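Report on the following structure.
The values are calculated or read from the model by the stated rules, or taken from the named source; none is laboratory data. Everything numeric here is computed off the predicted structure, so don't read it as measured data. All Cβ positions, even for glycine, are placed from backbone atoms using ideal geometry, and neighbour counts span all protein chains on display. When the accessible area is computed, the model is the full protein with side chains, heavy atoms only, and any ligands, DNA or RNA have been set aside. Shrake-Rupley method; radii C 1.70, N 1.55, O 1.52, S 1.80 Å.
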Amino acid sequence: MELRSNFEPGTSRWATRRAQWLALGLTDEDMTKPKIAVVNSSSQLAICFSHLDEIARRAKRAIELAGGVAFEVRTAAPSDFITSAGHRGGYILSARDLITNDIEVAVEGALLDGMLCLASCDKTAPGQLMAAARLNIPSIIVACGYQPSGSYRGRHCDIEDVFLAAGHVANGRLSVAELTEMADHAVLGPGVCAGIGTANTMHLACEALGMALPGSTPVRANSEPMWRAVEQAGARIVQLVAEDLKPRDILTPAAFGNAVTAILSVSGSINSVKHLQAVAAEAECGADVYRLFETLADRVPLLAAIRPNGEIPIEAFEDAGGTRALLKQLEPLLDTGALTVTGRTVADNLAGVTVADEDVIRPPDRALGHRPTIVLIRGSLAPDGGIVKLAVADDRRLDFAGPAVVYDSPASALEAVRAGQVHSGDVVVLRGQGPTGSPGMGMASQLVFALDGAGLTGQVAVVTDGQLSGLVNKGIVVGEVSPEAARGGPLALVRDGDLIRIDVPARTADLDVPAAELDRRRAAPVTPAESDPRPPERGWLSIYQRLVRPLPEGAVLSPGRQEPAP
């Protein structure tokens with residue numbers, strides 16, 4: 001087998017690598033085998049990653065049994081609930097791109113032949129997909145499972161319930177003791193958040209794209225099905241190198257259409273929009289993921305209402321057949337000629353597949369609904385788009401008009417809610433939270449949950465250039481507005497009292513201010529509130545801030561220098 005990792009005997013590169021690797025216990029025979037990176041984001045900071053070292057060990061063993069040599073490499077390991085504490089949450093989204101570059105340094109620097117990527121929390125799967133697309137060497141994504149969750153006073157309780165409930169404490173609707181009791185029972189073991197949040201959505205997307213083995217998502221962490229998938233992926237990656245089947249053979253516009261279709265059919269995480277766009281950008285395949293969500297939204301029926309969108313636990317979705325069964329139900333809507341890491345097409349992979357429970361994963365003729373729950377909107381306030389996440393069962397009016405109350409930091413917005421300064425009928429504008437302005441995208445869900453805790457859900461609307469929880473939002477919330485305020489988007493021009501109109505069915509969000517007045521404001525821009533002083537960024541976030549591209553481009557890093565946020 002001709003491998004890029006092999007060098008001509010007698011050369012300095014061959015000699016020094018041989019000396020290094022013999023000292024690691026490899027043999028001369030090993031030097032000629034396919035060399036596979038096992039990409040591991042293990043960390044003791046978060047339960048999402050706590051089980052990955054054993055998975056890496058078994059994956060390496062499976063690769064060796066299949067005739068390859070495995071090299072474990074490490075990456076950053078961001079957790080939304082842990083790593084978001086510093087710098088206004090800027091390390092969360094930005095770490096996705098750090099993961100991609102971590103992988104590039106280790107794998108491309110060593111010229112390894114393939115990758116087996118262990119996907120866990122929200123940013124690992126997209127970061128690994130981006131690296132696979134960039135490096136274009138044989139790669140498989142392995143989903144490492146979701147965590148078991150518990151119950152609180154007879155009701156299901158998971159980490160997102162705790163996150164949401166925390167917004168009720170400040171307003172006296174829940175005691176600290178009650179919140180503590182919920183937290184005691186929310187997480188019972190390793191793995192990603194239960195439910196169809198960003199992590200499970202991206203695991204599902206990996207399989208729908210064709211980059212994970214069929215039937216491997218979602219999966220209970222440390223279960224027998226997970227271990228089987230790890231062993232199968234370890235064997236398959238060695239074959240994939242021999243076949244020279246590369247990510248860009250798989251990551252085509254058709255594959256992205258299939259992934260978007262699957263995500264829409266389960267009302268997946270809105271964060272998947274920017275992540276898939278980033279993967280498409282790295283693959284250089286020309287797929288416009290934002291447009292795919294817009295054009296496919298009305299064509300794709302809702303086939304499963306998984307928690308927290310509905311009452312179906314993620315375990316029931318897995319037991320009904322998971323992503324593979326979902327794709328079987330969606331087969332008439334998919335491009336089944338798309339290639340996958342099996343070396344076969346989607347159609348080949350779905351042949352003979354049955355759905356174990358059609359009340360959990362419904363056929364299209366018994367769909368739960370046809371109204372999209374991930375809605376891309378545009379308008380004078382969001383020329384390049386914003387995203388609204390709707391509940392599966394929601395009969396509220398989905399239009400809203402009211403005066404703006406504007407905040408330039410999450411802290412000032414939260415204080416206003418606590419002080420009773422946000423009133424029914426208001427449109428709460430939280431800006432400066434985009435990829436450049438934050439930098440790295442601040443999390444706006446804390447504000448949304450605080451409004452819910454104050455009893456204002458449905459009575460106010462929220463517009464923000466920040467990102468939102470991939471699991472659940474409350475009321476009419478327009479997130480990830482683009483262009484962001486820090487790049488001169490219309491959000492930067494909004495003033496207290498301005499009329500904002502949101503019409504979700506019409507997919508518009510507009511600022512009702514005369515053009516002449518907006519021109520005057522552009523000529524005399526205001527600076528962020530003094531309550532949110534921001535010294536110049538240093539280190540990684542300063543690099544990210546200079547190089548990050550807008551959300552419709554996936555918020556990937558540009559090779560050219562960008563202007564920093566004002």
I need to check one value: relative contact order of the chain, counting alpha carbon pairs closer than 8 Å and at least 6 residues apart, in percent.
13
Positive-pole candidate from Thr295, Ala382, Thr323, dipole of the chain, charges at beta carbon
Ala382
Across all directions of projection, what mean area in square nanometres is found for the Cα convex hull of the range 283-329?
4.7
Using θ = phi - 60° and the Karplus form 6.51 cos²θ - 1.76 cosθ + 1.60, what ³J(HN,Hα) does each residue of the range 339-345 get, whole Hz, x for Gly and Pro?
7, 10, 5, 6, x, 10, 7
Would you mind checking the radius of gyration and Dmax of the range 1-120 based on alpha-carbon positions, in Å?
16.6, 53
Carbon and sulfur atoms: what percent of the 1.4 Å accessible area of the chain do they account for?
51
Quick check: residue separation of Arg371 and Glu54 times 0.36 nm, minus the Cα distance between them. What number comes out in nm?
109.9 nm
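Can you compute the FRET efficiency between Gln459 and Asp512 using 1/(1 + (r/R0)^6), with r the Cβ-Cβ distance and R0 = 22 Å? Round to the nearest 0.05. Walk me through the intermediate numbers first.
Numbers: r = 20 Å, r/R0 = 0.90.
For R0 = 22 Å, the calculated efficiency reads 0.65.
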Would you mind getting me the FRET efficiency between Ser412 and Ile543? Use the beta-carbon distance for r and R0 = 41 Å, nearest 0.05.
0.90
Mean-position separation - Cα centroids, the range 430-470 and the range 42-86, in angstrom:
31
To the nearest 10 Å², what's Tyr407's accessible area with a 1.4 Å probe?
30
Would you kindly compute the Cα radius of gyration of the range 56-211 and its largest Cα-Cα separation (Dmax), both in Å?
18.4, 61
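When the helices in the chain are scored as -39500 (n - 2.57) per DSSP H run of 4 or longer and the sum is shared across all residues, what 222 nm value do you end up with, to the nearest 500 deg cm²/dmol?
On the way: 19 runs with 199 residues, N = 566.
The helix contribution divided over the chain gives -10500 deg cm²/dmol.
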For Ala382, list long-range residues whose amide hydrogen, built 1.01 Å from N in the peptide plane, is under 5 Å from its own amide hydrogen.
Ala509
So which cysteines in the chain don't have a second cysteine's C-beta under 4.7 Å from them?
Cys117, Cys144, Cys157, Cys193, Cys206, Cys285
The chain - share of DSSP beta bridges that are antiparallel (%, nearest 5)
40
Taking the dipole of the chain about the Cα centre (Lys, Arg +1; Asp, Glu -1; charges at Cβ), the one of Leu499, Gly539, His370 that reaches farthest to the positive side is Gly539
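What's the long-distance tail for the range 175-317, i.e. % of Cα pairs beyond 28 Å?
Numbers: 2829 of 10153 pairs.
The proportion of pairs with Cα distances above 28 Å equals 28 percent.
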So, in Å, what gap is there between the alpha-carbon centers of the range 270-342 and the range 125-159?
15
So how strong a dipole does the chain carry about its Cα centre when Lys and Arg Cβ are +1 and Asp and Glu Cβ are -1, to the nearest 20 debye?
600
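When a/c reaches 1.5 or more, the comparison of a/b and b/c decides; with that in mind, is the range 234-284 rounded, prolate or oblate per its Cα gyration tensor? Intermediate results must be reported in sequence, preceding the final value.
Working: a/c = 2.56, a/b = 1.91, b/c = 1.35.
Verdict is prolate for the range 234-284.
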For Asp359 paired with Asp519, estimate the spin-label separation in nm (one decimal), with each label point 7 Å from Cα along the Cα-to-Cβ line.
6.4
Based on a Kirkwood Rh over C-alpha pairs, give the Stokes-Einstein translational diffusion coefficient of the range 361-414 at 4 °C and viscosity 1.567 mPa s in µm²/s.
89
How big is the range 320-420 along each principal axis, measuring the range of its Cα positions in Å and listing the largest first?
59, 29, 26
Quick calc: nm separation of the 7 Å Cα→Cβ label points for Asp288 and Ala110 -> 4.1
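Given a 1.4 angstrom probe, what's the average accessible area per residue across the range 123-171, in square angstrom? All intermediate terms of the calculation are to be shown ahead of the outcome.
Values: 1330 Å² over 49 residues.
The answer is 27 Å² per residue.
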If the chain between Arg153 and Leu45 were fully stretched, how many nm would it gain, using 0.36 nm times the residue separation less the Cα-Cα distance?
36.0 nm
Going toward the positive end of the dipole of the chain, with +1 on Lys and Arg Cβ and -1 on Asp and Glu Cβ, which of Ile250, Ala401, Pro525 do you reach last?
Pro525
Classify the range 199-255 as rounded, prolate or oblate, taking a ≥ b ≥ c as the square roots of the eigenvalues of its Cα gyration tensor: rounded when a/c is under 1.5, otherwise prolate if a/b is larger than b/c and oblate if not.
oblate
May I ask you to work out the translational diffusion coefficient for the range 70-152 at 37 °C, viscosity 0.692 mPa s, via Stokes-Einstein with Rh from the Kirkwood sum over Cα pairs, reported in whole µm²/s?
241
For the chain, diffusion coefficient by Stokes-Einstein and Kirkwood Rh (Cα), 20 °C, 1.002 mPa s, µm²/s:
89
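Only sites in a loop by DSSP and with at most 13 other Cβ atoms within 10 Å count here; which trypsin sites (Lys or Arg not before Pro) in the range 373-431 make the cut? The partial results should precede the final answer.
Working: sites: Arg378, Lys389, Arg396, Arg397, Arg418, Arg431; in loops: Arg396, Arg397, Arg431.
Within the range 373-431, the qualifying trypsin sites (Lys or Arg not before Pro) (loop, at most 13 other Cβ atoms within 10 Å) are Arg396, Arg397.
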What's log10 of I(q)/I(0) for the range 21-68 at q = 0.15, 0.16, 0.29 Å⁻¹, Debye sum over Cα points only, no solvent?
-0.50, -0.55, -1.07
Calculate the length of the line joining the C-alpha centroid of the range 373-421 to that of the range 195-257, in whole Å.
35
Projected label distance in nm at Glu311 and Asp28, using a 7 Å step from Cα toward the beta-carbon:
6.9
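Quick one: putting +1 on the C-beta of Lys and Arg, -1 on the C-beta of Asp and Glu, what dipole do you get for the range 154-243 around its Cα centre, in Debye to the nearest 20?
Numbers: 5 positive and 10 negative charges, 26 e Å.
My answer is approximately 120 debye.
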